[in-house]
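K.L.:
Questions regarding the structure given below will be posed in turn.
The values are calculated or read from the model by the stated rules, or taken from the named source; none is laboratory data. Values in this document were obtained by computation on a predicted structure and should not be read as measured data. Because the Cβ atoms are built from the backbone with ideal geometry, glycine has one as well, and the counts that use them run over all protein chains shown. All accessible areas refer to the heavy atoms of the entire protein, side chains included, with ligands and DNA or RNA removed. Shrake-Rupley method; radii C 1.70, N 1.55, O 1.52, S 1.80 Å.
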Amino acid sequence: MSTAHVTGAARGIGKAIALRLAEDGHDVAVSDLPGMAGELDATRQEIEDLGVKAVALHGDVSDAPSVRRLVADTVAALGSLDVMVANAGIAQTKALLDVSPEEYDRVHAVNGRGVFLCYTEAARQMIAQGTGGKIIGAASIAAHKGFALLGVYCSSKFAVRSLTQSAAQEWAEHGITVNAYCPGIVDTTMWEEIDHDLGEINHVEEGESMKAMAAGIALGRVSTGEDVAGLVSYLAGPDSDYMTGQSVLIDGGMLFV
Ligand SMILES: NC(=O)C1=CN([C@@H]2O[C@H](COP(=O)(O)OP(=O)(O)OC[C@H]3O[C@@H](n4cnc5c(N)ncnc54)[C@H](O)[C@@H]3O)[C@@H](O)[C@H]2O)C=CC1
Ligand SMILES: CC(=O)C(C)=O
């Protein structure tokens, strides 16, 4: 029996991943910020309804003691930690010249340090267990290409991509693989907020910014969380055992096609 932890699982991509891993037979710990308790508990209930064990935990991924607790509480509740999905992240839609140093730091604290903390705390636990593991992070198309008005966000996702490569090299000897998923445009609260903010900056109607970005998607539609969860299911399972250090695009053919 394998156990997984998914951060940022109260909604969006994280929730879809948690449910998919439960369908795959993993016991699943889900976590999110304390303010998301109601939504997170709904995710936990949906996982239990699939017939596996679930636990809902609260913590801020940018805070080291908090992440240490998330890992320890997962092991206490489910017996081990075999799959870590460092999914939690925040967006920031702003021209670089308008970003304050504090705003820069917050994005990197959640998207960069948050992934670093989840990766390293999970690896410590997996190394102690001695049974290997799968560590998976949320990157983005923004880890492969910079976008105007998302500059700081993009830089934080490039950080995830390089951390994933370094961690993969350092922990291979312990049987731990480290990979990241790189969605394009996923129809979640995060993209609703990006669309709203781009609309304000560019003086266009709500929905228009998303439509303009989506026009470049070869498959002709934006993504669902479930599209991304299918890739994470593969990265968490045995079929990806010979794959590590990769940041895999799942963008419907938006970049590089
Ligand atoms: N929606 C999209 O188009 C894309 C999203 N991504 C990435 O996928 C991940 C999930 O994105 P979505 O589901 O769209 O976002 P979302 O905003 O809908 O959900 C993110 C979840 O993370 C939680 N969270 C935020 N800060 C946190 C913190 N400090 N500690 C713990 N939890 C925290 C939120 O409360 C929320 O439940 C993010 O890392 C995002 O950058 C990547 C590419 C595209
Ligand atoms: C949210 C996100 O990663 C992009 C680039 O849309």
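K.L.:
So in segment 134-144, with the set limited to residues that are in a loop (DSSP other than H, G, I, E, B) and either open to solvent by less than 20 Å² (accessible area, probe 1.4 Å) or more than 14 Å from ligand 1 (Cβ to nearest atom) (or both), which one is farthest from Gln169 (Cα to Cα)?
P.N.:
Ser140
K.L.:
Hey, could you check segment 161-204 for residues that are among the polar types (S, T, N, Q) and open to solvent by 10 Å² or more (accessible area, probe 1.4 Å) and say which is nearest to ligand 2 (Cβ to nearest atom)?
P.N.:
Here the residue is Thr188.
K.L.:
Residues that are under 14 Å from the mean Cα position of the chain (by Cα), within 16 Å of ligand 2 (Cβ to nearest atom), assigned to a helix (DSSP H, G or I) and of a type outside the set (S, T, N, Q): does segment 113-127 have at least one?
P.N.:
yes
K.L.:
Which residues, counting only those in segment 38-88, are within 10 Å of ligand 1 (Cβ to nearest atom) and open to solvent by 30 Å² or more (accessible area, probe 1.4 Å)?
P.N.:
Result: Glu39, His58, Asp60, Asp63.
K.L.:
Please go through (1) on the phi < 0 side of the Ramachandran plot; (2) within 16 Å of ligand 1 (Cβ to nearest atom) for Glu173 and return the number of the only condition it doesn't satisfy.
P.N.:
(2)
K.L.:
While we're on this one: Would you check which residues across segment 161-175 are in contact (Cβ under 8 Å) with a residue 40 or more places away in the chain and hydroxyl-bearing (Ser, Thr, Tyr) and list them?
P.N.:
Residue satisfying the conditions is Thr164 alone.
K.L.:
Taking only segment 1-29 into account, find how many residues are near ligand 1 (Cβ under 8 Å from one of its atoms) and at pLDDT below 95.
P.N.:
0
K.L.:
Let me ask something additional. Is it true that Thr131 is β-branched (Val, Ile, Thr) and either part of a helix (DSSP H, G or I) or in contact (Cβ under 8 Å) with a residue 60 or more places away in the chain (or both)?
P.N.:
Judged against the criteria, Thr131 is not a match.
K.L.:
Okay, next question. Given the condition touching a residue at least 12 places away in the same chain (Cβ under 8 Å), assigned to a loop (DSSP other than H, G, I, E, B) and over 17 Å from Ile141 (Cα atoms), answer yes or no: does some residue in segment 197-209 qualify?
P.N.:
Yes, that holds for at least one residue.
K.L.:
Now a separate question. In contact (Cβ under 8 Å) with a residue 60 or more places away in the chain, open to solvent by less than 70 Å² (accessible area, probe 1.4 Å) and either closer than 22 Å to Ser140 by Cβ or assigned to a helix (DSSP H, G or I) (or both): does that describe Leu19?
P.N.:
Judged against the criteria, Leu19 is a match.
K.L.:
Could you grab me the full set of residues in segment 94-107 that are in a helix (DSSP H, G or I) and buried (at least 18 other Cβ atoms within 10 Å of the Cβ)?
P.N.:
Val107
K.L.:
Return the pairs, sorted by first residue and then second, in which the second residue is surrounded by fewer than 17 Cβ atoms within 10 Å (Cβ to Cβ), the first residue lies in segment 103-120 and is over 17 Å from Thr93 (Cα atoms), the beta carbons are less than 7 Å apart, and the residues are 6+ apart or on different chains.
P.N.:
Between residues of segment 103-120 that are over 17 Å from Thr93 (Cα atoms) and residues that are surrounded by fewer than 17 Cβ atoms within 10 Å (Cβ to Cβ), the close pairs are Leu117/Ala64.
K.L.:
Then there is this: Inside segment 129-151, can you point out the residues that are more than 17 Å from the chain's Cα centre (by Cα) and of a type in the set (A, V, I, L, M)?
P.N.:
Listed by number, the residues that qualify are Ala148, Leu149, Leu150.
K.L.:
Then there's this: Quick one: count up the residues across segment 234-257 that are open to solvent by 60 Å² or more (accessible area, probe 1.4 Å), over 16 Å from Ser140 (Cβ atoms) and part of a loop (DSSP other than H, G, I, E, B).
P.N.:
3
K.L.:
Also, quick follow-up: Run down Phe158, Phe147 and say which single residue is free of Cβ contacts under 8 Å to residues at least 40 places away in the same chain, open to solvent by 10 Å² or more (accessible area, probe 1.4 Å) and within 12 Å of ligand 1 (Cβ to nearest atom). Break it down into steps so the answer makes sense when it comes.
P.N.:
Numbers: Phe158 fails: within 12 Å of ligand 1 (Cβ to nearest atom).
So the residue among Phe158, Phe147 that is free of Cβ contacts under 8 Å to residues at least 40 places away in the same chain, open to solvent by 10 Å² or more (accessible area, probe 1.4 Å) and within 12 Å of ligand 1 (Cβ to nearest atom) is Phe147.
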